[in-house]
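A short reminder: the numbers here are calculations on the coordinates, not readings from a lab. In this text the structure is predicted, and so the values were computed from the model without any measurement. Cβ sites come from the backbone with ideal geometry, for glycine too, and all protein chains shown count toward neighbours.
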Amino acid sequence: MNSITSNRYLISTLLAMTLITTSACNSKRLRQIGTIVAVGIAAKLIYDMVVDYQSKQVNDEAQVATRYKKLHGHLPPQPLLVDYESSIKPGDVVSAGTDISIQSRLEVVRGESTRQVNIQEKIIIFDNEDPTKELKSLTKVVNEKTKTSGAFVNEFTFKLPKGMPQGIYPVRTQVIVNGQAYEAVHSQMQLVKIQSNVQSLVASF
């Protein structure tokens with residue numbers, strides 16, 4: 001191979017490598033742009049989404065206090081969350097626009113010297129691309145009418161907007177008693193596409 005042919009070969013190789021690198025960079029950038037657009041769409045749709053909340057007291061303060069004293073002998077110094085569970089319903093594939101509910105049950109016992117209690121429940125829905133990014137956050141007072149402790153069943157209800165990008169959306173629920181946040185319950189919603197291009201939601205936890 002003479003020097004001219006060698007130089008031509010070298011130049012061709014360099015050009016090919018440059019084109020491949022440029023193509024790869026453009027592809028990566030397009031994916032990044034697509035991700036940003038998807039995050040923006042999800043944030044906008046969920047931000048405008050209406051979330052309803054209902055709470056019902058199933059055991060009053062005295063019943064919970066009596067049950068707690070039987071187990072522990074005395075009441076705690078301050079109001080205390082003794083039980084909390086939360087789950088997404090219906091828990092199977094549903095069409096976008098159908099009611100989805102996050103149902104919970106919590107029990108708070110009053111403190112030995114503190115009777116008035118402020119109980120709140122908080123829900124946070126995170127982005128499917130960035131699980132640290134909050135898309136929707138809502139905090140509701142559980143015992144707004146009585147301001148006392150007890151056992152309550154609660155429900156957040158919403159309709160997932162049509163047009164949401166598919167993916168897994170983490171969900172976190174948490175109880176706050178007199179300003180103290182307790183350990184959260186983590187679950188997730190997986191938005192998928194099924195036959196006829198209908199967007200559906202698989203809710204699991």
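Structure data summary
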item	result
Highest to lowest packing among 137-150, 102-115, scored as the average C-beta count within 10 Å	102-115, 137-150
Exposure proxy order (Cβ contacts within 10 Å, fewest to most) of Met49, Met164	Met49, Met164
Stretchable slack from Val51 to Glu144, in nm (0.36 nm times residue separation minus alpha-carbon distance)	31.7 nm
Aspartates and glutamates whose Cα lies under 15 Å from that of Lys140, excluding same-chain neighbours fewer than 8 positions away	Asp52, Glu121, Glu155
Cα-projected label distance for His72 with Val58, points at 7 Å along beta-carbon direction, nm	2.1
Unsatisfied cross-links (Cα-Cα over 21 Å) in the set Lys89/Lys133; Lys56/Lys147; Lys69/Lys122	Lys89/Lys133; Lys69/Lys122
Relative contact order, percent, segment 50-204 [alpha-carbon distance under 8 Å, six or more residues apart]	30
Cβ crowding within 10 Å averaged over residues, with 179-185, 120-126, 53-59 ranked highest first	120-126, 53-59, 179-185
